[in-house]
Amino acid sequence: MWALGPRALRAGLALLGLALLGLGLRSWVASRRFEFRPEEIAELGRRHAGLDHEQAFSKIIVELRKKHPGHILPDEDLQWVFVNAGGWMGSMCLLHASLTEYVLLFGTAVDTGGHSGRYWADISDTIISGTFRQWKEGTTRSEIYYPGDTIVHQSGEATAVQWSAGTWMVEYGRGFIPSTLMFALADTIFSTQDFGTLFCTLRVYAKALLLEAGAYFSHLVQ
């Protein structure tokens, strides 16, 4: 019998702890009530696909506010913020966020690509304009998606991603959302050191969390 050294034992316990944490978070997320459905966001994106992206985004925001009053950030808090992650660069406008789901607008004005990231969340994107190429792990061919198409990135998956200039989409994520911030902010912290963008990202997420907390407590007192 091989005797386990202290390092191997600590590594094994750490892996076991991560596995248990992952299972616990998955069970917790599954027990939550969600404000949005992925099919709803995808249908909304398909309905406005092919339009000028700024016009489409304006219509999407109006419709979401009608269907989900009190859950979409007000105009004064809507802000396009750069995202540097996995070697690619884009811009996002956060509309809604909580601990378990988010809705945002995303895209890029330049050609860009890199690593998708591997998340503890399911993410779906519906293309409004431009093209998106995805190369899935374990395959030898990539696929190209066009306006109206929806791309689903399952929890735990990793892909190579590439956007053409002028690609814009609406995105919905469901899972343990704080885990996605580690990837989304890594390049900003360790590569670009764009701490202004870091501040704006954390500020808008905090505002979205406060909005959701207010909606939750308002629902309790009704």
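Taking a cut-off of 15 Å between Cα atoms, list the aspartates and glutamates near Lys207, but don't count ones fewer than 8 places away on the same chain. Qualifying aspartates and glutamates at Cα under 15 Å: Asp75, Glu76, Asp77, Glu101. Please report, to two decimal places, log10 I(q)/I(0) for segment 114-201 at q = 0.10, 0.15, 0.18, 0.22 Å⁻¹ as given by the Debye formula with identical point scatterers on the Cα atoms and no solvent. Here log10 of I(q) over I(0) equals -0.28, -0.64, -0.91, -1.21. As an equivalent ellipsoid, segment 19-176 spans semi-axes of 23, 22, 14 angstrom, where each value is the square root of five times an eigenvalue of the C-alpha gyration tensor, largest first. Once the mean of 1/r is taken over each pair of separate Cα atoms and inverted, segment 61-108 shows a Kirkwood hydrodynamic radius of 11.7 Å. Taking the Cα atoms of segment 97-142, the ratio Rg/Rh between the radius of gyration and the Kirkwood radius comes to 0.97.
Read the figures in this text as sums done on the coordinates, not as results from a lab. Keep in mind that what you see is a predicted model, and the values were worked out from it rather than measured.
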